[in-house]
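Written out below as structure tokens is the structure these notes cover.
The values are calculated or read from the model by the stated rules, or taken from the named source; none is laboratory data. What you see is a predicted model; the values in this text were computed from it and never measured. Glycine also receives a Cβ, built like all others from the backbone with ideal geometry; neighbour counts cover every protein chain displayed. What goes into the accessible areas is simple: the full protein's heavy atoms, side chains included, and nothing from ligands, DNA or RNA. Shrake-Rupley method; radii C 1.70, N 1.55, O 1.52, S 1.80 Å.
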Amino acid sequence: MTESFVFGGRQTAISVVIVTAASYPRFLKKLGSAQVAWLEQNQFEARAGKLLAIPDADGNVERFICGVSDLADPFAIADLPMQLPEGLYTLEGSGVKANIEALAIGWGLGAYQFTRYKNARRKPARLKLPNSANHPHVQETVAATNRVRDLINTPAEDMMPQHISAVVGEIAQTHAAEFQEIIGDDLLTSNYPCIHTVGRASVHPPRLIELLWGDKSHPLLTLVGKGISFDSGGLNIKPSNGMRSMKKDMGGAAHAIGLAQLIMALELPVRLRLLVAAAENAISSNSFRPGDVIQTRSGITVEIDNTDAEGRLVLCDALTEACEEKPDLLIDFATLTGAARVAVGTEIAAFFSNDKELAADILDAGEQVSDPTWQLPLHRGYRSLLKSHVADLQNCASSPFGGAITAALYLQGFVDNEVSWAHFDVMAWNNRSRSGRPIGGEAMGLRAVFEMLEKRYK
Ligand code: BES
Ligand code: ZN
Ligand code: ZN
């Protein structure tokens, strides 16, 4: 992929003037009468979605003018990379400098194309950024988000546990991080029985993938991701329409990987631990079954009520492992329940937390970077819905209501009360296209969490 950005340098770039309803009258005063007439004849208005080329006296494009409603919105100009002709551009206009990082991130996100299996229609327009902009922040935020998108968009056949592992291995190498993994039957001998149980029916063995990075004296931040490379539902097989999108069921892992990449690239002063529980929830003669009772790493026994509630199973072993190191902060990401989508829709990252301050910080940060999140309650009263007659717990609640909450409560049963924890239940997919957010895999809550982490640790 060609880079979206050029930083400083002498390369000439075509100017795009960004105007709001408030700044437009002042801009008009700077123009000659011919150009003002041009804008009027073309009925240009300073509002979102309006874009017009302004010619010079010879009829060549002198610059472009683009209307926006909110300069602080990272997606305000995210359509430009595909609307403008191929080439190099630079932004000007009142208020642009103060919001350059947000606008540039939107530009980079809007330039994304998934080109693994077919050629791009065209190259996106590129953006030249002034030396004053925080280049690494822009570049790496876009790279991390596009990494998440690529991971999710790649079909299951090409994004099995071994492929996820290869990606984590590459990222570890880039950042001189430690990498290790436990594969297949070794998960049994090392006591990760749930990850093994969920993944054992696949010809692609399940894995617990781990990356470690940073100074050991820094606060320990552990990220955990649900990496179900494909969720058929198992023996409780999903109907066709439900199964259709399940290549994205490693979306939580994609988020954890993308966030880890961003943390390392921008050298956040933390000790980072990434745990990805990767497995394919497949159907075979050795699939786990409804009614089976399985051991977990923590020693809690779980009765399988429904093999389609597999995410919480792989996660519970990873969360137990995570808590053994007593991290200062533990965050997991998962495409865990359809119920979370019923609760907040597909475009808001639902999260749960056992730490009020952490939850408030995530909500605030999300608002600041236009990456919407919403907290749902870990309502203790619903814990009794997870009771089993034959085991300590069952993997599904006896009531379908509040399904995202009961799933989160299940996970909480494996998290040390003293560990500050947030659990994200995300869609990881754009069902419709919006500026800078094409249909397909998407990072949701990633920029919010990174913003929160920067405030805490930078
Ligand atoms: N991966 C799905 C959840 C999912 C479905 C997320 C659609 C996003 C969109 C998960 O493994 C699952 O199947 N969950 C079940 C749980 C139920 C059996 C308790 C669900 O949500 O229906
Ligand atoms: Zn499932
Ligand atoms: Zn799943």
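When you filter the trypsin sites (Lys or Arg not before Pro) in the stretch 157-257 for DSSP loop state and at most 11 other Cβ atoms inside 10 Å of their Cβ, you are left with Lys216, Arg244. With helices as the sole contributors, the chain gives -9500 deg cm²/dmol at 222 nm; each DSSP H run of n ≥ 4 counts as -39500 (n - 2.57), and the sum is divided by every residue. Report the one residue of Ser245, Ser23, Ile263 whose Cα lies farthest in the direction of the positive end of the charge dipole of the chain (charges on C-beta: Lys and Arg +1, Asp and Glu -1; origin at the Cα centre). The residue sitting most towards the positive pole is Ser23. Under the simplified labelling scheme, the Lys458-Glu324 pair shows an inter-label distance of 3.5 nm, with each label point 7 Å from Cα along Cα→Cβ.
Note on the stretch 391-450: with neighbouring protein chains present and a 1.4 Å probe, carbon and sulfur make up 49 percent of its accessible heavy-atom surface. Cross-link partners for Lys238 among the lysines, with Cα-Cα distance under 28 Å and sequence neighbours closer than 8 places in the same chain left out: Lys226, Lys247, Lys248, Lys387. Ranked by the mean number of other Cβ atoms within 10 Å of their residues, highest first, the peptides 71-78, 414-421, 327-334 fall in the order 327-334, 71-78, 414-421.
Treating r as the C-beta distance of Glu3 and Glu267 and R0 as 22 Å, the FRET efficiency rounds to 0.60.
Relative to the current alpha-carbon distance between Ser69 and Lys387, full extension at 0.36 nm per residue lengthens the span by 109.3 nm.
Computed from backbone phi with θ = phi - 60° and the Karplus coefficients 6.51, -1.76 and 1.60, the 3J(HN,Hα) list for the stretch 395-402 is 7, 10, 6, 6, 10, x, 6, x Hz; x is used for glycine and proline. In a DSSP loop and with at most 15 other Cβ atoms within 10 Å, the chymotrypsin sites (Phe, Trp or Tyr not before Pro) in the stretch 96-202 are Tyr117.
Taking Cα centre as origin and charging only the Cβ of basic (Lys, Arg, +1) and acidic (Asp, Glu, -1) residues, the dipole magnitude of the chain rounds to 1240 debye. Along the Cα-to-C-beta direction of Asn131, a point sits 7 Å from the Cα; which residues of the stretch 91-116 have their amide N less than 15 Å from that point? None, by backbone N distance to the label point.
For Ile237 and Phe401 in the same chain, what is the full-extension length gain: residue separation times 0.36 nm, less their Cα-Cα distance, in nm?
Contour length minus the Cα-Cα distance gives 57.0 nm.
In the context of the full set of protein chains, residues of the stretch 2-99 present 54 Å² of accessible surface per residue (probe radius 1.4 Å, heavy atoms only). The distance linking the stretch 270-349 with the stretch 1-23 is 44 Å (Cα centroid to Cα centroid, whole angstrom).
The length gained on full extension between Ser217 and Tyr117, counted as 0.36 nm times the residue separation minus their Cα-Cα distance, comes to 31.6 nm.
Estimate the FRET efficiency between Arg380 and Leu52 by the formula 1/(1 + (r/R0)^6), using the beta-carbon distance for r and 45 Å for R0, to the nearest 0.05. The calculated FRET efficiency here is 0.20. Across the chain, the volume of the C-alpha convex hull divided among the residues equals 150 Å³ per residue.
Antiparallel beta bridges, as assigned by DSSP with both residues in the stretch 224-315, represent about 35 percent of the total such bridges.
Annotation note: trypsin sites (Lys or Arg not before Pro) in the stretch 9-110 located in DSSP loop regions with a Cβ neighbour count of at most 16 within 10 Å are Arg10, Lys30, Arg47, Lys50.
Along the stretch 140-147 the Karplus relation, 6.51 cos²θ - 1.76 cosθ + 1.60 evaluated at θ = phi - 60°, assigns HN-Hα couplings of 6, 5, 5, 4, 5, 5, 5, 4 Hz to successive residues, with x for each Gly and Pro.
Dipole orientation for the chain: of the candidates Pro372, Ala166, Ser132, Ser132 has the Cα lying most toward the positive pole (charges on Cβ; Lys, Arg +1; Asp, Glu -1). For Tyr410, what is the net charge nearby, where nearby means another residue's Cβ is under 10 Å from its Cβ and Lys, Arg count +1, Asp, Glu -1? Net local charge, Tyr410 excluded: +2. To put it simply, the accessible area of the stretch 2-99 at a 1.4 Å probe is 49 percent carbon and sulfur.
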